[in-house]
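J.: Have a look at this one.
Derivation of every value follows stated rules applied to the coordinates shown; laboratory data play no part. It should be emphasised that the depicted structure is a prediction, and the values quoted were computed from it without experimental measurement. Reconstructed Cβ throughout: ideal geometry from the backbone, glycine too, with neighbour counts over all protein chains shown.
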């Protein structure tokens, strides 16, 4: 349905933990726990959804991908999609136990893209492919589905291909939800509607970010201090919106922003351009790796910057620019899509 950003940080848009206390000890204390969600090709040829905690893999399901991760207390939540027995099903796993997300009877496939936990409530963003062939944006709260776009006709007909693509639109491109964030009781969802028009929904109410003939995306959403940030793309450019106002991120090649986070007064966006993984801090770019590389998600903990992604089918994450490769069973299709870092207790 979508560009390959579906398998990246369509997630919570990244979550921010600020400040923690510690007591003086006779030696260095434990470091933070780093959780990364994604998938890899196992030695039997199956693609397996997994997450890594400090580099140790936990397999969630075969024939599946993990797209987003959130840690709350001692619980690890992962959203993803399972492809099994001829079905495609949106899922989330809590501590490795899977829950299928129910969609409308008119849906033939469902996909989960992002996850956020607020207290005891679990929110998952995604989309359904209806039996009419139309893609419909939705989210789930504790397993209950909320549709953000229509489930029944009339649906707008696919427009002519925009200027920056030669690929015709399909009905499945109609809408999707890519990221979810909950703040102050309000539910924010970022995605696309009406064929690659970037948008967000606040408590189910639609707000288009831009009306354009170019392909555009809204991949990640983050609320901070009364301001709302959305990362994505417009044409061949990586962008983000703050309260609906667009900012272009410097790029020389076609680029897209997949994740966004706020720390203090600084805006961090992550993405890449034409095989280069990078992030931007207040518009200043830092390149992490080049050569068939990508960056999916960003997480800020204190003064440390964590980014996950991959290159040449090798999932990895970077801490302050230093690479950490994540172990896999076999060389093949793999990616690190979402990252969450927890302070030592």
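J.: Counting pairs of alpha carbon atoms under 8 Å apart in space and at least six apart in sequence, what relative contact order in percent does segment 259-316 give?
T.: Once divided by the residue count of segment 259-316, the mean separation gives 27 percent.
J.: Under a GNM of the chain (C-alpha, springs under 10 Å), which listed residue has the highest mean-square fluctuation: 86, 114, 96?
T.: Fluctuation is largest for 86.
J.: Relative contact order of segment 151-310: what whole-number percent is it, with Cα pairs under 8 angstrom and at least 6 residues apart?
T.: For segment 151-310, the relative contact order is 12 percent.
J.: Sticking with this one: Could you give P(r) for the chain, binned at 10 Å from zero, as whole percent values over all Cα-Cα pairs?
T.: Values per bin, smallest distances first: 6, 28, 37, 23, 5, 1, 0.
J.: Further question: Counting only C-alpha contacts under 8 Å and six or more residues apart, can you give the relative contact order of the chain as a whole percent?
T.: 18 percent
J.: With a 10 Å cut-off between alpha carbons and a GNM built on the chain, which of 299, 181, 146 moves the most?
T.: Comparing 299, 181, 146 in a Gaussian network model of the chain, the most mobile one is 146.
J.: Please compute the modelled spin-label separation between residue 104 and residue 142, points set 7 Å along Cα→Cβ, answer in nm with one decimal.
T.: Simple spin-label model gives 2.4 nm for this pair.
J.: Expected output is a single nm value to one decimal: the length gained when fully extending between residue 345 and residue 121, i.e. 0.36 nm times separation in residues minus the C-alpha distance. What is it?
T.: Once the chain is fully extended between residue 345 and residue 121, it gains 78.3 nm.
J.: Sorted from fewest to most neighbouring beta carbons within 10 Å, what does the list 100, 224 look like?
T.: Ranked by crowding around the Cβ, least crowded first: 100, 224.
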